[in-house]
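Okay, so here's the structure we're looking at.
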Amino acid sequence: MAFRLGDDFIAAQNAPQRAWLEEDYEHLGRQLARRGVEIERLTERALAFRVAVPSWGVGTGGTRFARFAGPGEPRNVYEKLDDCETIQKLVRVTPAISLHIPWDEPESPAELRAYAQARGLGFDSMNSNTFQDQPGQKLSYKFGSLSHTDPAVRRQAVEHNVHCLELGHKLGARSHTVWIGDGGNFPGQVHFRRALERYLESLRVIYAALPDGFRMFIEHKLYEPAFYSTVLNDWGVSYHCTRELGPKAFSLVDLGHHAPNVNIEMIVARLVQFGKLAGFHFNDSKYGDDDLDAGSIKPFQLFLVFNELVDAELERVAAFDPAYMLDQSHNVTDPIESLMTSAVELVRAYVQGHLVDRAALREAQERNDALVALQTLKLAYTTDVAPILAMARQRAGGAIDPLAAYRASGYRPRKAEERPAAERRGAGIV
Ligand SMILES: [Mn+2]
């Protein structure tokens, strides 16, 4: 029998920490009350927050140079779900999983769905893969997929996406995310306008196959694996394409897919305003698409993104229904630990977004008081909301200290025994 984390174990881990948590929570509650903020209102927000875990994130990642496998990595989609269950049990904000096809192709969708349901899990967005060739694949994606010059390759890539839609429908997913590696390495290699036309033509066929209630997300990226040009290079092109496709198409923002120093929170605000924000692939980066843990490098930027999201939520902007997903590559950490702490960072930014005094900010903006406007944001950002996050987790049955509880459980050493390396199928991400 595979080892599973028990609710009793989590409760036992919480027991000695409850007294100080109550104390910190009460103290913070009094502090916030002086600012006219009701702490329970923020705890409610923390309890309501949800972010999906990527199935590919529970395996150790790698770079184009090497991948250093960790102990007890999941060897198939069922073992990935086991790890996702552990994350969810400890943090209680990650009940949904984003699947990647064909890496997670199930033999029986019904069986996989039941396996997830039995663990309190469900499926969020489906992700297609036409950026690498699979064993036995008829035509190669070396020179592109949905925008390939050869119509037969485009057809093959479209069919794969339609297959993902059918599978997602059976699994109870609600959206489909398309990211392609199409682009060029050298000037002149790709005709910019024709390639985008071909891409749109392919997307229209996929769009027409969307099951009822499904939304389609397209994910832009300025470079990599193509190093000179990509077909869907930025949010403007993405916005144009979602407009061309129709009301069920939205632009997905991966925090690592922009040029350095781009004002991402402003892109978020624009997509919100235009009714085309799909949601996010959260991660963090220093230089490029580094896929580091959310909030690890630029936590203030993450807060500013959530400041925009909370602002839209509170104003009830039409068609605002963002899907939150993590998309990270864990090269030097235990993936479960990284995903848990990243999920917590997102809740932190979300709660801090709700801590912004919107009336004061608006007043400062109307008066053109730049300093007070910034100070209003900074006050929310510098408030330590950790007791709120811990209290919310505990009330939901999760761990006051997820990392300590996870390490104390011995989950990873147990999985290292259960999942011998010799049988590993080389999971992980590229
Ligand atoms: Mn992504």
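What shape does segment 170-220 have by the C-alpha gyration tensor, where a ≥ b ≥ c are the square roots of the eigenvalues, rounded means a/c under 1.5, and otherwise prolate means a/b greater than b/c and oblate the rest? Cα axes put segment 170-220 in the prolate bin. Once the chain from Gln17 to Asp133 is taken as fully extended at 0.36 nm per residue, the excess over their C-alpha distance is 36.8 nm. As a calculated quantity, the FRET efficiency between Arg41 and Thr382 at R0 = 22 Å, using C-beta atoms, amounts to about 0.65.
Counting chymotrypsin sites (Phe, Trp or Tyr not before Pro) as exposed when in a DSSP loop with at most 16 other beta carbons within 10 Å, what is the longest stretch of the chain free of them? Show your work: numbers first, answer last.
Values: sites that count: Phe3, Phe65, Phe68, Phe131, Phe143, Tyr223, Phe227, Tyr228, Phe274, Tyr287, Phe320.
Segment 321-430 is the longest.
In the chain, Cα pairs under 8 Å separated by at least six residues give a relative contact order of 23 percent. Relative contact order of segment 78-181: 30 percent, from C-alpha pairs under 8 Å at least 6 residues apart in sequence. Cross-link partners for Lys415 among the lysines, with Cα-Cα distance under 25 Å and sequence neighbours closer than 8 places in the same chain left out: Lys80, Lys89.
Put in line by how crowded their Cβ is, counting other Cβ atoms within 10 Å and starting with the fewest, Arg41, Arg75, Arg198, Arg64 read Arg64, Arg41, Arg75, Arg198. In this structure, the amide hydrogen of Ile97, modeled 1.01 Å from its nitrogen in the peptide plane, lies closer than 5 angstrom to those of Val53, Gly122, Phe123, Asp124, counting only residues at least 5 positions away or on a different chain. Counted by neighbouring Cβ atoms within 10 Å, the residues Ser338, Ser285, Ser108 run from fewest to most as Ser108, Ser285, Ser338.
A Förster radius of 51 Å combined with the Cβ-Cβ distance from Glu166 to Asn368 puts the calculated FRET efficiency at roughly 0.40. Panel order for Val205, Val153, by other beta carbons found within 10 Å of each beta carbon, from fewest to most: Val205, Val153. Computed from the C-beta positions of Ala359 and Ile297, the FRET efficiency with R₀ = 35 Å rounds to 0.65.
Loop-located GluC sites (Glu not before Pro) in segment 23-69 (DSSP state other than H, G, I, E, B) with a sparse environment of at most 11 neighbouring Cβ atoms within 10 Å: Glu38.
Ordering Phe3, His100, Val190 by Cα displacement along the dipole of the chain toward the positive end leaves Val190 in first place; charges were set at the Cβ atoms of Lys, Arg (+1) and Asp, Glu (-1).
Dipole orientation for segment 280-430: of the candidates Gln365, Ala416, Ala399, Ala416 has the Cα lying most toward the positive pole (charges on Cβ; Lys, Arg +1; Asp, Glu -1).
Name the residue, out of Gly29, Gly256, Gly122, whose mean-square fluctuation peaks in a Gaussian network model built on the chain with Cα pairs under 10 Å. Among Gly29, Gly256, Gly122, the largest GNM mean-square fluctuation belongs to Gly29. For Arg215, the residues 5 or more places off, or on other chains, whose built amide H falls under 5 Å of its own are Ser175, His176.
Taking every alpha-carbon pair under 8 Å whose residues sit at least 6 apart, segment 313-430 reaches a relative contact order of 21 percent.
For a test of the definition: using alpha carbon positions, the gyration tensor, and the 1.5 limit on a/c, classify segment 124-188 as rounded, prolate or oblate. Prolate.
When +1 charges are put on Lys and Arg Cβ atoms and -1 charges on Asp and Glu Cβ atoms, the dipole computed for the chain relative to its Cα centre reaches about 480 debye. Across segment 121-137, computed HN-Hα scalar couplings (Karplus, 6.51 cos²θ - 1.76 cosθ + 1.60, θ = phi - 60°) run 10, x, 10, 9, 9, 8, 10, 8, 9, 10, 9, 8, 8, 9, x, x, 5 Hz from first to last residue, x flagging Gly and Pro.
The HN-Hα couplings worked out from phi for segment 240-252 by the Karplus form 6.51 cos²θ - 1.76 cosθ + 1.60 (θ = phi - 60°) are 4, 5, 5, 5, 5, 6, x, x, 9, 9, 9, 9, 9 Hz, whole numbers, x standing for Gly and Pro. Stretching Phe227 away from Leu403 to a fully extended chain increases their span by 59.6 nm, per 0.36 nm per residue minus the current alpha-carbon distance. Listed values for segment 162-177 are Karplus-derived 3J(HN,Hα) couplings in whole Hz (6.51 cos²θ - 1.76 cosθ + 1.60, θ = phi - 60°), namely 5, 4, 4, 5, 5, 5, x, 4, 5, 8, x, 6, 10, 8, 10, 10, and x replaces Gly and Pro.
No lab work stands behind these numbers, since they all come straight from the coordinates. Values in this document were obtained by computation on a predicted structure and should not be read as measured data. In this analysis, Cβ positions are derived from the backbone assuming ideal geometry, glycine residues included, and neighbour counts consider all displayed protein chains.
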